[in-house]
Amino acid sequence: MNSECLGNVLHITLSAEYFEDKYLSFSVLDQFGIAWELDEAMASQCGYTVTYSNWNNIEFRASALSCHSHLEKDVFIVTLQVKASHTPNMKNATTHLKSARCCYSPWSPRQLVCESNYMEVSVRREVPKVVKDVTQDELVDWTSAFPEAKAGEASIWQIVFHQPEKKKALLVSDAWSAGYGLNITDTRVLLRIPHTAGQIQLVEDQGINFSSVRSSIFYKQLWMIVMVDTAMACPVDGVVYTTKTITWTVPKYIQSLSAGATGFKDVLIEAGVDLHKLSAEEMASRKYVLLNDLNAITMKIPIGAEGGYYKTSVSSGQHGAKYTINVFLEHQWEDNKWGLTKHTIIKEIETPFEQVELAIINNSNLTARLMNVTVGTFLPDVELVNLTMEEATVAVPEAVQHGYLIDEIRYPNGSKAYAIQVPLDVTSVKKEYVGANKRAHTLNVTLAFIVHPTSETFVVPVRIVSAVEDAVLPSATGFCDGRNLHLTITHGNVDQNWQPFISDWHLTPDTVKKYNYSLRDNGTHLAISVPFLSSHVNYEDFNISGIKASLHLTLKDGITSANRRDFSVSCIFSSSELIQCLPNGTVVITALKLLGVADLDTSLLVLRDRRCKPNLVTEKTATFKFNVNTCGTSRKFNSTTMKYENDVLYFRPGTNTPVYQLKFACWYAIKQTLDAKYESKTPPPSITPWFGSLALSMKLFREKSYVEPYQESEYPVVKYLKEALYFEVELLQPKDRRLELNLADCWAANSQSQESLPQWHILLNGCENSKDSYKTVFHEVNYSRRVKFPQHLKRFEVRMFTFVQDTTVLQEQLYFHCSVVICSTVQQPSGFLCSRRCSPVKHRLDRSAEPPLRGQVSSGAVLLRKENY
């Protein structure tokens, strides 16, 4: 705490750096050491002023005649006590004492002081001279007050306020209770009036408004009644602002202070800043102008000049500033009534609010993947308190937990800025694909500030967008098996809000159930499987080699619905998928709508006999079911087969020439052996080893426990090299405990056909292939709730290996086939397959060899992949 004596005022400055962020309590100690805590009312009543200035510096001013000043010869002593605490209840407060001795300057007969929170008049204590030329009104005022003084008790002072409508007399105790300050020394009488006092009148003089009080103090001195004129006036306005200059005008001789006086003569006019008087040279260096006219004193100060300072201000939530300067004017004059009068006016001048634009500078280092923004500049009285990002508000110390590093930058002139550094990868930095492999990274944060000591608040929204070439677009792979089209999309870093569509149909796990499609998304991959015959598959061409079908998928922006990425998979499917030639002579044929015939209405497709119309119609297919002896079907014979032919036709209305023709045929063997199933009524029958019509199944299980098999909808099953496949072959019918299922040969092929080539053997004559690096492993089958006849089942484990055809590694769907033999458990084995012993052949076949064809049961498709992504 620094103290300074400035005339009849003690000035103490508290360091803003030490006392900031603390709660303060001010007290003044009297000469007996008693502390009197100050509030606003006591401060204005007792002659104390506490203000904030120059960016949070705290200033304390005490009048030489303040309530608790200790007066000695030419000296007044004031002791200030300041308590500082971090809590409002002042708990654990630190106490600081500052005592100062100041020599006061010689007193004028009348001294008038206009402070920011009070007015003070002190008059020399003596019997005033009688003035002959006093106006009649003034004599009436004075004489009318005489009875009031006479009526008072001998030792009691009174103060009388003169108002236009009436006069009001108060005893000292009443005046004190009303907030007025009264003091008497051996030589002076003092009246102090707070600016909030009820007896203040607003008067105008030379166009300037003044706060004015006309009052008289009466007391008895020996055998005399003494009356002191304690009139007071302080200017309220008189300040005019332009864009560059402050002009302050004060009338010289104010009527309310000059009643009954004549012969005015200026003695001294001085001005300064912060109670420091400035010489003419100092004023000129600061470009101040002090004008002394006949009736007024004018002071002109450039806005922003030395001596003042800018402070932050907020208006309607907008950041701005005001220029503030604490000027004072001291005017001394002589007149025939008072002799010498000293009028000191202390005035804080503050310019109107002016909005200040803040610079937001993007200093991002995209190579280091850092967004860096500088916001400023601010005056020292501004503090950043919190940030709001994604509707979450965090205090500055907590921002680092969200990836935000905040640095306060201080400049030599006292101003400052804030630098905010954020990695591109934090979640609050939004990313959006903008094309050309670039993503727009958007930092959208709102900074909240507080202004000290007014506690005004304002916010600064910061939005920085930086384009970075770091986009990873989604990619896709596709394949087909015998019945489905499969598309697998690998997610990138731009498609978090992209959604899959087929045309305008949005694919979701719920919507695809309607069509029995498969849609799976594990966070890194999106996989969709669509049956070959479905309404969302396009049929591009149909010829002797097969049907070219394609599936087109579009990723759309989930917000704007704009198309972002297109993928498709095309495959050739066997035309046999479209036709079924049943043994009873029934034909089921499905005709497809090709892309080249856009106007084709599938419901109008017909057979040769136009009366034969489709039994089932979709947007892209028409299915006919009829007997070979109807609908204009033709028939041809040769030595071994009988051929039935027909056409699916489409005629545009009013024409007899088809624009669409699909020829199809069914062949039937003239000589064919049919299997018959029968059951003897005479038990127990003898069992003869032979081949017959059997109900068999071959299932692929998920785990070695053989609890959960893959369902039909999950095929093809994707497996990777060295992964294990767990197969179970079961005799479903007949359910006879005397029968036993044995495996003969098992092999893998790349077709559903058990006769397709090449083949890779897993078991030969019931034995594992000794040339395999990963040999087939048999697993025991035990009785359980599901397994009633363990002898009806065989289980084995195969490791996925690299299938080779002409030194080329195959990566496509595989089918597993087994031939089985059913044996009797009660009769003597009739062959090596029923002996329950392994009987390998003398020479094993290589994997690319083509062994004899045989088999009765097959599994669903298994997709072989090189590695697991």
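The values are calculated or read from the model by the stated rules, or taken from the named source; none is laboratory data. Values in this document were obtained by computation on a predicted structure and should not be read as measured data. Cβ atoms come from the backbone with ideal geometry, glycine included; neighbour counts cover every protein chain shown. Each accessible area value is taken on the protein alone, full model and side chains, heavy atoms only, with ligands, DNA and RNA left out. Shrake-Rupley method; radii C 1.70, N 1.55, O 1.52, S 1.80 Å.
If you compute semi-axes √(5λ) of the Cα gyration tensor in Å for the structure shown, which of [x] 55, 41, 26; [y] 113, 32, 24; [z] 46, 37, 29 do you land on?
Matching the structure shown: [y].
Using alpha-carbon pairs under 8 Å, 6+ residues apart, how would you state the relative contact order of region 203-325 in percent?
Over region 203-325, the number comes to 19 percent.
Using the alpha-carbon atoms, what tilt in degrees (0 to 90, nearest 10) does helix 136-151 show relative to the longest principal axis of the chain?
That helix lies at roughly 90 degrees to the long axis.
As a test question: what accessible area, to the nearest 10 Å², does Asp266 have when a 1.4 Å probe is rolled over all protein chains in place?
Per-residue accessible area (Asp266): approximately 50 Å².
Quote the accessible area belonging to Thr230 in square angstrom, nearest 10, computed with a 1.4 Å probe and with ligands, DNA and RNA left uncounted.
Only protein atoms counted, so the area is about 0 Å².
Per residue, how large is the accessible surface of the chain? Use a 1.4 angstrom probe and give square angstrom.
That works out to 52 Å² per residue.
Just reorder Glu115, Glu204 by solvent-accessible area, largest first, 1.4 Å probe, all chains present.
Glu204, Glu115
Sum up the charges of everything whose Cβ sits under 14 Å from the Cβ of Thr374, counting Lys and Arg as +1 and Asp and Glu as -1, but leave Thr374 out.
Value of the local net charge: 0.
Report the local net charge at Gly47: Lys and Arg +1, Asp and Glu -1, summed over other residues whose C-beta lies under 10 Å from its C-beta.
0
What residues qualify as long-range amide H neighbours of Arg565, i.e. H under 5 Å apart, gap of 5 or more or another chain, H built at 1.01 Å from N?
Leu555
Given a Förster distance of 51 angstrom, what is the FRET efficiency for Thr324 paired with Leu171, based on the Cβ-Cβ distance and rounded to 0.05?
E between Thr324 and Leu171, to the nearest 0.05, is 0.80.
Could you work out the per residue convex hull volume over the alpha carbons of region 318-399, in cubic angstrom?
So the per-residue hull volume is 172 Å³.
With a 1.4 Å probe and all protein chains kept in place, how do Ser313, Ser279 rank by accessible area, largest first?
If we order Ser313, Ser279 from most to least accessible, we get Ser279, Ser313.
What full-extension length gain, to one decimal in nm, is calculated for Leu616 and Tyr668 as 0.36 nm per residue of separation minus the Cα-Cα distance?
Between Leu616 and Tyr668, full extension yields 16.2 nm more.
Out of residues 5 or more away from Met90 or on other chains, whose amide H comes under 5 Å of its own, with H placed 1.01 Å from N in the peptide plane?
For Met90, whose amide H was placed from the backbone, there are no distant partners under 5 Å.
With label points built 7 Å along Cα→Cβ from the Cα atoms of Cys103 and Thr13, find their separation and express it in nm.
So the label points at Cys103 and Thr13 sit 2.3 nm apart.
What share of Cα pairs, in percent, lie more than 22 angstrom apart in region 8-106?
29
Which whole-number percent is the relative contact order of region 355-423 (Cα, under 8 Å, 6+ apart)?
It rounds to 32 percent for region 355-423.
Quick one: Cα centre-to-centre distance for region 435-498 and region 743-766, in angstrom?
Using only Cα atoms to place each centre, the spacing works out to 52 Å.
Heavy atoms only, probe 1.4 angstrom, no DNA, RNA or ligands counted: give me Thr341, Thr374 ranked by accessible area, highest first.
From most accessible down to least: Thr374, Thr341.
Please get the size of the charge dipole for the chain, origin at its Cα centre, with Cβ charges of +1 on Lys and Arg and -1 on Asp and Glu, quoted in debye to the nearest 20.
5360
Between the alpha-carbon centers of region 332-377 and region 589-603, tell me the distance in whole angstrom.
Spelled out, the Cα-based centre of one part sits 81 Å from the other.
What percentage of the solvent-accessible surface of the chain, computed with a 1.4 Å probe over protein heavy atoms, is contributed by carbon and sulfur atoms?
Carbon plus sulfur share of accessible area: 51 percent.
With a 4.7 Å Cβ cut-off, tell me which Cys residues in the chain come up empty for a partner.
For the chain, the answer is Cys103, because their Cβ atoms have no other cysteine Cβ under 4.7 Å.
Run the 1.4 Å probe and let me know the accessible area of Glu357, rounded to the nearest 10 Å².
We get 150 Å² for Glu357.
For the chain, what's the relative contact order in percent, using C-alpha pairs closer than 8 Å and at least 6 residues apart?
5
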